Amino acid sequence: MEELFVELVIKDTAAATAKQCLQEMGLQIEDVHRYDYYRFSADTSLVKDLMNMDIIANVNKHRCRMQLPSGWKYVFVRDTVQGGLLNTLKKLGLQVTSIEKGVVWGLKVHDERSVVEAAEKLLCNKHYQRHEIRHVS
C-alpha cells in the first residue's frame, strides 16, 4: 500500500479554526496542520499519475508528498464508508485496486493525552469515522 498526503499551499482556515478550538478547550496545542490522505494499492506505482491529476490535487493550491514531516503527532481520520473515488480513477484508465481517502491532522504537542483528547472530542466524529494516532520522528 502506498500513501499520498496533499496539503494546501495557501492558508488552511480549517486547521487554524481547529487549533483555536483545541486551545479554547484547554489543550496544550502549539500548532495544527491538515492533509488530505490517500492510501492505495495498484498493480504499478501510480504516485506520479495521482499527484498530477486534478482529481487528487490542484497544482495551483496544493502540494503532494509521500511522507509526513517529522516531529509531529498525527491523527489519521477515515470515514467508515468510502465513496466512488476508486470507480472514477478506474474510468480514467488507472489500474488502482483499492483506495481510501481521509484527513490527517498534524498536531505539534508535547503531551500524548492532548492528542487523544483532540481526536476524540473534535477531530473525529465517532458516528461515521475511525481514527488512528501515529508519531513521526
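The values are calculated or read from the model by the stated rules, or taken from the named source; none is laboratory data. Remember, predicted model here, so these are calculated numbers, not experimental data. When we count neighbours, we look across all protein chains shown, and the Cβ atoms used for this are built from the backbone with ideal geometry, even at glycine.
How about the range 46-95: which of its residues are small (G, A, S), surrounded by 10 or more Cβ atoms within 10 Å (Cβ to Cβ) and under 16 Å from F5 (Cα atoms)?
A57
Across the range 36-79, what is the number of residues that are modelled with pLDDT of 75 or more and part of a loop (DSSP other than H, G, I, E, B)?
Looking only at that region, the number is 14.
Just to be sure I understand, how many residues within the range 79-137 are β-branched (V, I, T), free of Cβ contacts under 8 Å to residues at least 40 places away in the same chain and over 28 Å from N52 (Cα atoms)?
1
Could you check, for the range 80-96, whether at least one of its residues is in a strand (DSSP E or B) and touching a helix residue (DSSP H, G or I) at 6+ places or on another chain (Cβ under 6 Å)?
Here is the first cut: in the range 80-96, the residues in a strand (DSSP E or B) are 96.
Filter once more, so that each one left must be touching a helix residue (DSSP H, G or I) at 6+ places or on another chain (Cβ under 6 Å): 96.
Within the range 80-96, one or more residues are in a strand (DSSP E or B) and touching a helix residue (DSSP H, G or I) at 6+ places or on another chain (Cβ under 6 Å).
Given the structure, is V116 β-branched (V, I, T) and surrounded by 12 or more Cβ atoms within 10 Å (Cβ to Cβ)? First the steps, then the outcome.
Values: β-branched (V, I, T): yes; surrounded by 12 or more Cβ atoms within 10 Å (Cβ to Cβ): yes.
When the stated conditions are applied, V116 passes them.
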